[in-house]
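Student: I'd like to ask you about the structure that follows.
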Amino acid sequence: MATNSIAISKDVEAISFWQGAVVVLGRFFFALIFLFAAPNHFTRQTIAFSASQGVPFASIAVPLSGVLAIAGGLSILLGYRAKLGAWLIALFLIPVTLMLHKFWTVTDPMMAQIQMILFMKNVSMLGGALLISQFGAGPFSLDARRSR
């Protein structure tokens, strides 16, 4: 009778540990920007700036986006319900990117370039969030611990 078990060598286990460690580091770096930037979403200056850029209901929307950034960032950092956290980050990034980084409307070439860079940074982070939303937080996470 054949079995489906696979022997794992010591070298493979070492690679798995290091892969898991790299994923933890990646989650940390990914979440860092959201956790550091989110407190600014509760300041009058950020709310006023967002309103000047045409964000509707900025006094409600901007603090709400801060809550999304904190909840999603912590979720991904800790690896606790990271797929949901990644969707929260996506929900945060889409309107922020489209409303605040409209490089196509900026006439000053230097400012247009800066806004395009910020737009593409956010698109890149959206890609990362979508990957996490599908693949989860990895082996060293609260999600992995819950599934054992």
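The values are calculated or read from the model by the stated rules, or taken from the named source; none is laboratory data. As the structure is a prediction and not an experimental result, all values here were calculated from the model. A quick note on method: Cβ atoms are made from the backbone with ideal geometry, for glycine too, and the neighbour counts reach across all protein chains shown. Surface accessibility is based on the protein's heavy atoms, side chains included, excluding ligands, DNA and RNA. Shrake-Rupley method; radii C 1.70, N 1.55, O 1.52, S 1.80 Å.
Student: What fraction of the Cα pairs in the chain, stated in percent, has a spacing above 18 angstrom?
Tutor: Percent of Cα pairs beyond 18 Å in the chain: 63.
Student: Taking the 0 to 90 degree range and rounding to the nearest ten, how far is the long axis of helix 82-100 tilted relative to the main principal axis of the chain, both from C-alpha atoms?
Tutor: 20 degrees
Student: I would also like to ask the following. Compute for region 63-119: radius of gyration divided by Kirkwood radius, i.e. Rg/Rh, restricted to C-alpha atoms, rounded to two decimals.
Tutor: Result for region 63-119 is an Rg/Rh of 1.15.
Student: Run the quick spin-label model on I117 and L130: label points 7 Å from Cα toward the beta carbon, then report their separation in nm to one decimal.
Tutor: It is 2.5 nm.
Student: Which FRET efficiency value, to the nearest 0.05, is calculated for I94 and L25 with the Förster distance at 25 angstrom and r the Cβ-Cβ distance?
Tutor: Efficiency, from the Cβ-Cβ distance: 0.45.
Student: Could you work out how far helix 58-78 tilts from the main Cα principal axis of the chain, as a 0 to 90 degree angle to the nearest 10?
Tutor: For helix 58-78, the angle is close to 20 degrees.
Student: At 222 nm, what helix-only mean residue ellipticity would the chain give, in deg cm²/dmol to the nearest 500, using -39500 (n - 2.57) for each DSSP H run of four or more?
Tutor: The helix-only estimate for the chain comes to -25000 deg cm²/dmol at 222 nm.
Student: Now for a separate question. Give, in whole angstrom and from largest to smallest, the semi-axes √(5λ) of the equivalent ellipsoid of region 89-148, with λ running over the eigenvalues of the Cα gyration tensor.
Tutor: 34, 10, 7
Student: Then there's this: Helix 109-135 against the longest principal axis of the chain: what's the angle in degrees, Cα atoms only, rounded to the nearest 10?
Tutor: Long axis of 109-135 versus the principal axis of the chain: about 30 degrees.
Student: Summarise the accessible area of the chain (1.4 Å probe, protein heavy atoms) by the percent that is carbon and sulfur.
Tutor: Whole-percent figure for carbon plus sulfur exposure: 72.
Student: How far, in nm, would the chain grow between L64 and I33 when pulled straight, counting 0.36 nm per residue and subtracting the alpha carbon separation?
Tutor: Net length gain for the segment: 9.5 nm.
Student: Placing +1 at every Lys and Arg Cβ and -1 at every Asp and Glu Cβ, with all other atoms neutral, what dipole size does region 34-148 have around its Cα centre, in debye to the nearest 20?
Tutor: Computed charge dipole of region 34-148: roughly 420 debye.
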